[in-house]
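As structure tokens, the structure follows; a few thoughts come after it.
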Ligand code: HEC
């Protein structure tokens, strides 16, 4: 056996051993994956389900009207206390609903406290003024919308505002 032949034999042996080791490592890693990730043991679907379950958010937000996907525990909400009806005073109503026009005389509105613009109106009597403020009024000066456009206000509140406006003239 010459030296070349001897080298070739040795070389083949080393290559063979390396290939065997590589194969062994491959098999070992697959086995390890089996044991740790469970993909091959339990099946992919089951595995993904398990992952989704683990990373599931703690809570979910449902907007009103949205269909609830899960049966929700019925939360005990204490009965809302009935809103306390707060009646605004004349000046409060005037400031929030009337001053826009009556403050500066917008659209011909008689200005608060301007006697010249109010005497004739006041002469009609308080009932007429209140009726005009409640139901709206179109006179020579312009258009007064019903309740000044604030239909959310009660009749009593509008009347209080009229009393306040009349009182400001003197
Ligand atoms: C959009 C503007 C506007 C708002 C807001 C408004 N008014 Fe007037 N108001 C008028 C105008 C314009 C007149 C004058 C109408 C006319 O005589 O031609 C008037 C007239 C009146 C009169 C006199 C009616 C009469 O018979 O002479 C009273 C009282 C009155 N408003 C009360 C109120 C009260 C109270 C509010 C708030 C709740 C209010 N107004 C809000 C425009 C407004």
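Just to be sure before I move on: is residue 90 more than 8 Å from the ligand (Cβ to nearest atom), within 37 Å of the chain's Cα centre (by Cα), under 19 Å from residue 170 (Cα atoms) and surrounded by 13 or more Cβ atoms within 10 Å (Cβ to Cβ) in the structure I sent?
Numbers: more than 8 Å from the ligand (Cβ to nearest atom): yes; within 37 Å of the chain's Cα centre (by Cα): yes; under 19 Å from residue 170 (Cα atoms): yes; surrounded by 13 or more Cβ atoms within 10 Å (Cβ to Cβ): yes.
So residue 90 passes the test.
Tell me whether region 117-129 contains one or more residues that are on the phi > 0 side of the Ramachandran plot and either within 10 Å of the ligand (Cβ to nearest atom) or buried (at least 17 other Cβ atoms within 10 Å of the Cβ) (or both).
So the first thing to find is which residues in region 117-129 are on the phi > 0 side of the Ramachandran plot, and the list is 125.
Then drop every residue that is not either within 10 Å of the ligand (Cβ to nearest atom) or buried (at least 17 other Cβ atoms within 10 Å of the Cβ) (or both), which leaves 125.
Scanning region 117-129, I find at least one residue that is on the phi > 0 side of the Ramachandran plot and either within 10 Å of the ligand (Cβ to nearest atom) or buried (at least 17 other Cβ atoms within 10 Å of the Cβ) (or both), so the answer is yes.
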Among (1) closer than 21 Å to residue 85 by Cβ; (2) more than 6 Å from the ligand (Cβ to nearest atom); (3) part of a helix (DSSP H, G or I), there is one condition residue 166 misses while meeting the rest; what is its number? (1)
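Would you please name the residue that is nearest to residue 167 (Cα to Cα), looking only at residues in region 93-110 that are surrounded by 16 or more Cβ atoms within 10 Å (Cβ to Cβ) and in contact with a helix residue (DSSP H, G or I) (Cβ under 9 Å, 6 or more places away or on another chain)? Lay out the reasoning, then the answer.
Step one: list which residues in region 93-110 are surrounded by 16 or more Cβ atoms within 10 Å (Cβ to Cβ), which gives 93-94, 97-99, 101-102, 109-110.
Then drop every residue that is not in contact with a helix residue (DSSP H, G or I) (Cβ under 9 Å, 6 or more places away or on another chain), which leaves 93-94, 97-98, 101-102, 109-110.
Values: 93: 14, 94: 12, 97: 17, 98: 15, 101: 18, 102: 14, 109: 17, 110: 14 Å.
Once the filter is applied, the top-ranked residue is 94.
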Please pick out the residue among 40, 47 that is touching a helix residue (DSSP H, G or I) at 6+ places or on another chain (Cβ under 9 Å) and modelled with pLDDT of 75 or more. 47
Can you give me the number of residues within region 143-166 that are out of contact with any helix residue (DSSP H, G or I) (no Cβ under 9 Å at 6 or more places or on another chain) and either within 8 Å of residue 97 (Cβ to Cβ) or outside the structural domain of residue 96 (by TED's automatic domain parsing) (or both)? 0
How many residues does region 139-161 hold that are exposed (fewer than 11 other Cβ atoms within 10 Å of the Cβ) and within 6 Å of the ligand (Cβ to nearest atom)? 1
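The values are calculated or read from the model by the stated rules, or taken from the named source; none is laboratory data. Everything numeric here is computed off the predicted structure, so don't read it as measured data. A quick note on method: Cβ atoms are made from the backbone with ideal geometry, for glycine too, and the neighbour counts reach across all protein chains shown.
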